[in-house]
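Enquirer: Can you read through this structure? Questions will come right after.
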Amino acid sequence: MDTVISLIGRNFGILAIDTISPRSIFIMKKDLNKCVEIGKNKYLIVSGLPGDVSQFTDFIQKSVQLNSLKTGIPFSTHSVANFVRKELSECLRKNPVKVNLTILGFDDSIGPSLYFIDYLGNLQRMNYCVQGHASLLVFSLLDRHFKKEMDIKPAIGLLVKCIGVLKNRFLINQVGFFNKNNRF
């Protein structure tokens, strides 16, 4: 039931994350933050089972910080994405966790990057990404209106359109969205 909409533009990345924590047909919490900062200008957005989400995000956040302290070199967004994919693949063989992840980050040499990793450890770099059942409604809108070198104002307008489509057409009323607008 989690919804994450993210996209990158020329020098920015935008996230819209629903803030509810559902359990079956009940809403357990209405103000859940599913976005974790894992480094300077790097964010990990996780959806899935609450216990797996909490445990896996803490593990990844602490491991990335430890490796950065050991080497003295901060991870790039690409290396964070590959590290998360490797850890998720190892968990799949030992103790499976049901989490889907989006990683948004900015590197000086590359610019903004957006990666999607599913619960099986498949990694894909994308320009825009939607997680959850809402993807059935929102991907067509993003396919039609997204431009690779968008400025921030049209991107925010597109994000507002996506949320409007969800409020009109999606059966589940998602109470609120947390917007993480990062201008790098």
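Enquirer: With all protein chains present, how much of the accessible area of region 87-149 (probe radius 1.4 Å) comes from carbon and sulfur, to the nearest whole percent?
Expert: That fraction is 50 percent.
Enquirer: Can you pick out the pairs among K42/K62; K42/K167; K40/K148; K62/K86 whose Cα atoms lie more than 19 Å from each other? Intermediate values should be presented prior to the final figure.
Expert: Details: K42/K62 14 Å; K42/K167 29 Å; K40/K148 24 Å; K62/K86 15 Å.
Listed pairs above 19 Å: K42/K167; K40/K148.
Enquirer: Hey, another quick one. Go ahead and set up a Gaussian network model of the chain, Cα springs under 10 Å, then flag whichever of R85, R93, R125 fluctuates most.
Expert: Looking only at R85, R93, R125, the biggest GNM fluctuation is shown by R93.
Enquirer: What value, in deg cm²/dmol to 500, does the helix sum -39500 (n - 2.57) over DSSP H runs of n ≥ 4 give at 222 nm once divided by the residues of the chain? Please list the in-between numbers first.
Expert: On the way: 4 runs with 69 residues, N = 184.
Rounded to the nearest 500, it is -12500 deg cm²/dmol.
Enquirer: Considering the options Q131, V97, H145, tell which one lies farthest towards the positive end of the dipole of the chain, charges being +1 on Lys and Arg and -1 on Asp and Glu at the Cβ, about the Cα centre.
Expert: The one lying farthest along the dipole's positive direction is H145.
Enquirer: Is region 92-173 best put as rounded, prolate or oblate by its Cα gyration tensor, with a ≥ b ≥ c the root eigenvalues, rounded for a/c under 1.5, and otherwise prolate when a/b is larger than b/c, oblate when not? Don't skip to the end; give the middle numbers.
Expert: Values: a/c = 2.70, a/b = 1.18, b/c = 2.29.
Oblate, because a/c is 1.5 or more while a/b does not exceed b/c.
Enquirer: In addition: Among the GluC sites (Glu not before Pro) within region 69-173, which fall in a DSSP loop and have no more than 16 other Cβ atoms within 10 Å of their own Cβ?
Expert: Hits after loop and neighbour filter: E149.
Enquirer: What percentages, rounded to whole numbers, describe P(r) for the chain computed over all alpha carbon pairs with 5 Å bin width beginning at zero?
Expert: 1, 8, 17, 21, 20, 16, 10, 4, 1, 0
Enquirer: Please compute the length gained on full extension between S135 and L66, using 0.36 nm multiplied by the number of residues separating them and subtracting their Cα-Cα distance. Provide the component values of the computation, followed by the final result.
Expert: On the way: separation 69, 0.36 × 69 = 24.84 nm, distance 3.46 nm.
Here the answer is 21.4 nm.
Enquirer: Using the heavy atoms of the protein chains alone and a 1.4 angstrom probe, what is the accessible area of the chain per residue in square angstrom?
Expert: Here the per-residue accessible area is 54 Å².
Enquirer: Turning to a different aspect of this structure: For the peptides 66-77, 95-106, 157-168, what is the packing order when you average, over each peptide's residues, the other Cβ atoms within 10 Å and list the highest mean first?
Expert: 95-106, 157-168, 66-77
The values are calculated or read from the model by the stated rules, or taken from the named source; none is laboratory data. Here the structure is a predicted model, which is why all the values come from computation and not from measurement. Using ideal geometry, Cβ is built from the backbone for each residue, glycine included, and neighbour counts are taken over all protein chains shown. Ligands, DNA and RNA are excluded from the accessible area calculation, which covers all protein heavy atoms including side chains. Shrake-Rupley method; radii C 1.70, N 1.55, O 1.52, S 1.80 Å.
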